[in-house]
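Please read the structure below before turning to the comments.
The values are calculated or read from the model by the stated rules, or taken from the named source; none is laboratory data. Given the structure is predicted, the values throughout are model-derived calculations rather than measurements. A quick note on method: Cβ atoms are made from the backbone with ideal geometry, for glycine too, and the neighbour counts reach across all protein chains shown. For accessibility, only protein heavy atoms count, side chains too; no ligands or nucleic acids. Shrake-Rupley method; radii C 1.70, N 1.55, O 1.52, S 1.80 Å.
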Amino acid sequence: MSSPDPGTLEKSEIQAKLLSEALPYMQRYENRTIVVKYGGHAMGDPELGQAFARDIALLKQSGVNPIVVHGGGPQIGAMLSQMGIESKFEGGLRVTDEKTVEIVEMVLAGSINKEIVAMINAEGEWAIGLCGKDGNMVFAEKAKKTVVDAGSNIERILDLGFVGDIVEVDRTLIDLLAKSEMIPVIAPVAPGRDGHTYNINADTFAGAIAGALSATRLLFLTDVPGVLDKQGNLIKKLTVAEARSLMEDGTISGGMIPKVETCISAIESGVEGVVILNGKTAHAVLLEIFTQHGAGTLIVH
């Protein structure tokens, strides 16, 4: 009988150690809801996409109740360009007219949504693709956005067309799917009471879903490691008060401000903790949930 290969033994020992370290965290999150907002560059990388799908499947197999909300800005832009429709922006936000919202729904609730569903199903789980229209899950209204003109310092209202703000979330369908052992994958498109379809910011949509479900965790997969201090080091944990203070002193700036504001809004809606982490790191979701130090910045009440 041949001796075991030392390299194989060492690899097995490492795997056993990792599993033993993960076990307490698996027990901690058993039967808990975790909402994951999937977007950024991770969506365009097949290897990262497969790692993400594997993470979501493993969460489900570990007794966690994962829910995926996804974006798709670059894919929408590419499709609009292909269709000969010019992308217009106001105050950094995409103007969504009637033609554009049809493309948005087609890309988000169609091709992207089904691609993510297929990836998770390939890992042995049952994922189902949805959008805010399904089961009257989410209702929206026309977004009211204002900007201050730099020259005149006068505030003006932006007309973004069919861009919406969420006004109502009904968790009935999501709860039914959770009891059926299915993983909801939700596109941020929702109807309005006025009969129109609205495009919703994916971060805002994920925050509203997580808040309605009183989720234990809301994970934002981004293109950065998390919130950084002024020296560029990752801040592992922040309270809401500390996060607000860092926005006031300029440590949190630019595109991270709306992300952190969404985190705070979700926490105030009932989410236990929100994490901003790097979606370009393979298995970032598992590293955050099942390791002691996590993988990003955790914001708590």
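The table below gives the values:
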read-out	value
VAL101, sole failed condition from (1) over 27 Å from LEU213 (Cα atoms); (2) surrounded by 20 or more Cβ atoms within 10 Å (Cβ to Cβ)	(2)
Leading residue by the ranking (farthest from VAL36 (Cα to Cα)) among those in the stretch 209-240 that are under 15 Å from the mean Cα position of the chain (by Cα) and among the charged types (D, E, K, R)	ASP223
Check on LEU160, surrounded by 15 or more Cβ atoms within 10 Å (Cβ to Cβ) and at negative phi	yes
Some residue of the stretch 233-240 being out of contact with any strand residue (DSSP E or B) (no Cβ under 8 Å at 6 or more places or on another chain) and modelled with pLDDT under 95	yes
ASP203 vs. criteria farther than 25 Å from ALA42 by Cβ and under 19 Å from the mean Cα position of the chain (by Cα)	no
Residue within the stretch 42-54 that is touching a residue at least 60 places away in the same chain (Cβ under 8 Å), in contact with a helix residue (DSSP H, G or I) (Cβ under 7 Å, 6 or more places away or on another chain), over 22 Å from ALA215 (Cβ atoms) and open to solvent by 10 Å² or more (accessible area, probe 1.4 Å) present	yes
Test: residue in the stretch 258-277 that is among the hydrophobic types (A, V, I, L, M, F, W, C), at pLDDT below 95 and either at positive phi or open to solvent by 60 Å² or more (accessible area, probe 1.4 Å) (or both)	no
Cβ pairs under 6 Å, 6+ apart, first in the stretch 240-266 and under 21 Å from LEU219 (Cβ atoms), second open to solvent by 60 Å² or more (accessible area, probe 1.4 Å) and not hydroxyl-bearing (Ser, Thr, Tyr)	VAL240/HIS301
So ALA206, is it under 28 Å from ASP134 (Cα atoms), open to solvent by less than 10 Å² (accessible area, probe 1.4 Å), among the small types (Gly, Ala, Ser) and modelled with pLDDT of 95 or more	yes
Lone unmet requirement of (1) at pLDDT 85 or above; (2) in contact with a helix residue (DSSP H, G or I) (Cβ under 7 Å, 6 or more places away or on another chain); (3) over 22 Å from ALA208 (Cα atoms); (4) open to solvent by 10 Å² or more (accessible area, probe 1.4 Å) for ASN65	(3)
The stretch 213-224 residues that are over 20 Å from VAL138 (Cβ atoms) and outside any loop (DSSP other than H, G, I, E, B), paired with ones that are open to solvent by less than 10 Å² (accessible area, probe 1.4 Å) and among the small types (Gly, Ala, Ser) (beta carbon under 8 Å, 6 or more apart)	ARG217/GLY273; LEU221/GLY39; LEU221/ALA42; LEU221/GLY279; LEU221/ALA284; THR222/GLY39; THR222/GLY279
Residue count for the stretch 158-210, restricted to those that are part of a loop (DSSP other than H, G, I, E, B), polar (S, T, N, Q) and closer than 26 Å to ALA57 by Cβ	1
Set ILE128, ILE116: member being surrounded by 14 or more Cβ atoms within 10 Å (Cβ to Cβ) and in a strand (DSSP E or B)	ILE128
Whichever residue in the stretch 279-301 is open to solvent by 30 Å² or more (accessible area, probe 1.4 Å) and of a type in the set (S, T, N, Q) and, among such residues, is modelled with the highest pLDDT	THR281
